Amino acid sequence: MEDSNSSSVCRDLPEKLSSFVDAFVDFSVSGLFFPQNPNPNPNPSPQTTIPPPRRLLAVGDLHGDLDKSRQALCLAGLIDSSGSWTGGSATAVQIGDVLDRGGDELRILYYLEKLKLQASASGGSLITMNGNHEVMNAEGDFRYVTRSGLDEFRVWAEWFQIGNSMKSLCLGLQNPNSNLFKGIPTSFPGIKREFHEGIRARIAALRPGGPIATRFLSKNQTVVQIGDSVFVHGGILSDHVVYGLDRINVEVREWMCGLRGGRSPGFARGSDSVVWLRRYSEEKERNCDCLGLEEALRAIPGAKRMVMGHTIQENGINGVCGDRAIRIDVGMSKGCVDGVPEVLEIVEGSGVRVLKKKKNHVSSLKEEERDGGGVGIGFLVPDGGPKQVEVKA
């Protein structure tokens with residue numbers, strides 16, 4: 001009789017109960033409360049081409065450093081001291097590489113998700129992108145993960161399973177992700193046992209179709225054009241344009257959702273892919289492929305410049321090839337070079353400038369670059385899919 005009454009209550013309140021459990025798990029993991037159900041994607045097919053906003057900002061690679069992420073967003077005038085959105089109708093782009101090199105990866109993903117909701121409610125927009133480290137992690141390549149990063153995912157998995165257990169108390173709320181670790185080994189030869197649970201949790205969360213890959217990474221863009229600026233983590237070649245930028249976005253999104261197998265799509269894999277390319281990011285401008293850049297931009301209607309991250313510019317945001325290539329990865333994470341945050345700003349009718357901590361200036365400098373080395377415990381997860389060979393950042 002007691003089971004019958006319980007089932008009746010669950011039939012009457014399944015949606016509200018499920019939302020409560022999701023909110024409980026979210027708060028336990030991130031310290032943030034999401035008033036809306038976070039699971040449905042309100043915009044399952046984000047546009048690849050977006051009209052120009054009055055104010056457009058771009059933030060480089062964050063690599064697991066929440067404090068530096070907040071500093072950059074505050075510098076841009078996008079958040080206040082409490083961390084809430086104050087950007088109004090502005091559009092902001094985070095160029096990718098939230099993952100690896102630090103221990104705040106999940107907290108940043110949750111935080112950016114909340115800012116997206118707040119920005120949308122204010123008439124603004126926050127666009128997040130996939131970098132090579134998002135692709136690497138979805139493939140099970142954890143060479144740049146840190147101990148604290150593994151621990152963060154281990155704790156997430158514990159709370160996620162608690163949430164599933166709470167939902168399983170009602171017959172109508174069995175969770176499709178109830179077997180979180182299905183198919184994942186319980187041990188990893190050659191790796192210290194203390195890391196095994198964190199590795200298992202990270203695989204479960206980030207593999208294609210995993211809860212974190214589906215909820216967060218699948219919502220990222222891989223390439224996006226906003227007005228006359230094209231944003232991409234590594235770079236775009238004319239071959240990518242011929243293949244179709246929207247097609248690349250769709251294929252990566254479907255892959256992250258687990259709809260295209262375990263191997264990443266072709267144009268997200270390899271040194272000439274959109275997330276790995278460095279042809280426009282070399283330290284000296286004479287080593288940059290300015291002709292290739294021009295060819296790619298000419299193939300994209302209305303495009304005047306390409307904005308990219310991926311390769312650390314230790315002296316700050318800078319432009320090459322007549323400022324047609326703007327490089328915005330300043331290595332701000334403590335897991336990289338602990339660089340001072342900078343933000344690119346594009347204001348309608350006022351051009352491009354760099355926001356720095358003490359002053360603003362026009363971006364026209366040729367700066368230096370240095371790749372950050374791996375700071376993780378240095379392993380590849382067995383059976384995690386094909387691995388990238390060229391790993392610099």
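Pick from Leu62, Leu117, Leu75: which is touching a Pro at 6+ places or on another chain (Cβ under 6 Å), touching a residue at least 12 places away in the same chain (Cβ under 8 Å) and farther than 19 Å from Asn249 by Cα? Even if it seems obvious, please write down each step before you answer.
Values: Leu62 fails: touching a Pro at 6+ places or on another chain (Cβ under 6 Å); Leu117 fails: touching a Pro at 6+ places or on another chain (Cβ under 6 Å).
Result: Leu75 is the single residue among Leu62, Leu117, Leu75 that is touching a Pro at 6+ places or on another chain (Cβ under 6 Å), touching a residue at least 12 places away in the same chain (Cβ under 8 Å) and farther than 19 Å from Asn249 by Cα.
The number of residues in region 189-210 being surrounded by fewer than 19 Cβ atoms within 10 Å (Cβ to Cβ) and hydrophobic (A, V, I, L, M, F, W, C) comes to 1. Given the structure, is Glu254 surrounded by fewer than 24 Cβ atoms within 10 Å (Cβ to Cβ) and part of a helix (DSSP H, G or I)? Yes: the conditions hold for Glu254.
Out of everything in region 19-70 that is part of a helix (DSSP H, G or I), at pLDDT 95 or above and out of contact with any strand residue (DSSP E or B) (no Cβ under 9 Å at 6 or more places or on another chain), what residue ends up being surrounded by the most Cβ atoms within 10 Å (Cβ to Cβ)? Full working, then the answer.
Taking region 19-70 and keeping what is part of a helix (DSSP H, G or I), we get 19-30, 66-70.
Filter again for at pLDDT 95 or above, leaving 66-70.
Imposing the further condition that a residue be out of contact with any strand residue (DSSP E or B) (no Cβ under 9 Å at 6 or more places or on another chain) reduces the set to 66-68.
On the way: Leu66: 20, Asp67: 13, Lys68: 25.
Filtering region 19-70 for residues that are part of a helix (DSSP H, G or I), at pLDDT 95 or above and out of contact with any strand residue (DSSP E or B) (no Cβ under 9 Å at 6 or more places or on another chain), the one surrounded by the most Cβ atoms within 10 Å (Cβ to Cβ) comes out as Lys68.
The sole residue among Glu158, Glu152 that is among the acidic types (Asp, Glu), open to solvent by less than 40 Å² (accessible area, probe 1.4 Å) and assigned to a helix (DSSP H, G or I) is Glu152.
Look at region 310-319 and say how many of its residues are under 23 Å from Asp104 (Cα atoms) and open to solvent by 10 Å² or more (accessible area, probe 1.4 Å). Count: 1.
Against the conditions (1) assigned to a loop (DSSP other than H, G, I, E, B); (2) of a type in the set (Asp, Glu); (3) closer than 26 Å to Ile317 by Cβ, Glu134 satisfies every one except (1).
For the condition in a strand (DSSP E or B), among the β-branched types (Val, Ile, Thr) and either at pLDDT 95 or above or open to solvent by less than 70 Å² (accessible area, probe 1.4 Å) (or both), what is the one hit in Val330, Val307?
Numbers: Val330 fails: in a strand (DSSP E or B).
It is Val307.
All of Gly261, Gly302, Gly270, Gly322 fail the test of being free of Cβ contacts under 8 Å to residues at least 40 places away in the same chain, assigned to a loop (DSSP other than H, G, I, E, B) and open to solvent by 10 Å² or more (accessible area, probe 1.4 Å), apart from Gly322.
Across region 273-299, what is the number of residues that are part of a loop (DSSP other than H, G, I, E, B) and over 22 Å from Ile346 (Cα atoms)?
Of all residues in region 273-299, those part of a loop (DSSP other than H, G, I, E, B) come to 273-284, 288-289.
Keeping just the survivors that are over 22 Å from Ile346 (Cα atoms) gives 273-279, 282-284, 288-289.
So the answer is 12.
Of all residues in region 74-100, those satisfying the criterion of being under 26 Å from Asn132 (Cβ atoms) and either acidic (Asp, Glu) or open to solvent by 10 Å² or more (accessible area, probe 1.4 Å) (or both) are Leu75, Thr91, Asp97, Asp100.
Can you find, within region 71-114, the residue that is nearest to the chain's Cα centre (by Cα) among those that are β-branched (Val, Ile, Thr), under 20 Å from Met308 (Cβ atoms) and part of a strand (DSSP E or B)? The residue in question is Val93. Of the listed requirements (1) farther than 30 Å from Ile50 by Cβ; (2) surrounded by fewer than 23 Cβ atoms within 10 Å (Cβ to Cβ); (3) touching a residue at least 60 places away in the same chain (Cβ under 8 Å), Ala213 misses just one: (1).
For region 113-127, enumerate the residues that are of a type in the set (A, V, I, L, M) and open to solvent by 10 Å² or more (accessible area, probe 1.4 Å). Before you say what the answer is, go through the steps one by one.
Of all residues in region 113-127, those of a type in the set (A, V, I, L, M) come to 115, 117, 119, 121, 126-127.
Scanning region 113-127 gives Leu117, Ala121, Leu126, Ile127.
Of all residues in region 273-291, those satisfying the criterion of being open to solvent by 10 Å² or more (accessible area, probe 1.4 Å) and either in contact with a Cys (Cβ under 8 Å, 6 or more places away or on another chain) or not aliphatic (A, V, I, L, M) (or both) are Arg278, Arg279, Glu282, Glu283, Lys284, Glu285, Arg286, Asn287, Cys288, Asp289, Cys290.
The values are calculated or read from the model by the stated rules, or taken from the named source; none is laboratory data. Not measured: the values here are computed from a predicted model. Virtual Cβ from ideal backbone geometry, glycine too; neighbours counted across all protein chains shown. The protein model used for the area step is the full one, side chains on, heavy atoms only, and it has no ligands, DNA or RNA in it. Shrake-Rupley method; radii C 1.70, N 1.55, O 1.52, S 1.80 Å.
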